[in-house]
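Just so it is clear, none of the values below were taken in a lab; they were calculated from the coordinates. In this text the structure is predicted, and so the values were computed from the model without any measurement. Quick reminder, even Gly has a Cβ in these numbers, built from the backbone with ideal geometry, and neighbours come from all protein chains shown.
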């Protein structure tokens, strides 16, 4: 006799099936608008799918992590492109540097989706997209999880002082002081 799945286990499966069945048009309509993606992304749909699979569980599908105590990406993460050190920081983050995505171009595409798509207008005008070579170089030097908060605070302050980022950027990252 077949065993019956308890309803508490069945509910998440049904929700996932409904989301898949609703199609991408409904999902796109529910998301806030994004910034334009650079032509350097070889497969924008794959870049978005990689973000959803690798990052959205914590940072949210739309890049908004609230109420979680994680950095907000939407409309903010592009500021990290204003200095070479902050750019490197994004690739050296442990979950990026140690990503299961082994292909450096694929990881560059995902990160370009994050900074230009989710970051939108926060990406400085004329900022260059990440390249496979840059990703390969930086991911060899991953940050430790103990240094992340201080490192992020340093880059936020630099973006505010030298790149004209809004001072409100401090408030959008947990642990930062206004």
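Between residue 140 and residue 58, the FRET efficiency estimated from the beta carbon spacing at R0 = 22 angstrom works out to 0.40.
Assuming a ≥ b ≥ c are the square roots of the Cα gyration tensor eigenvalues, decide whether the stretch 90-178 counts as rounded (a/c under 1.5), prolate (otherwise, with a/b larger than b/c) or oblate. Oblate, since a/c reaches 1.5 and b/c is not below a/b.
Remark: 52, 77, 115 ranked as 52, 77, 115, counting other beta-carbon atoms within 10 Å and listing the fewest first. Segment residue 133..residue 153, full-extension length gain: 4.5 nm, with 0.36 nm per residue of separation and the alpha-carbon distance subtracted.
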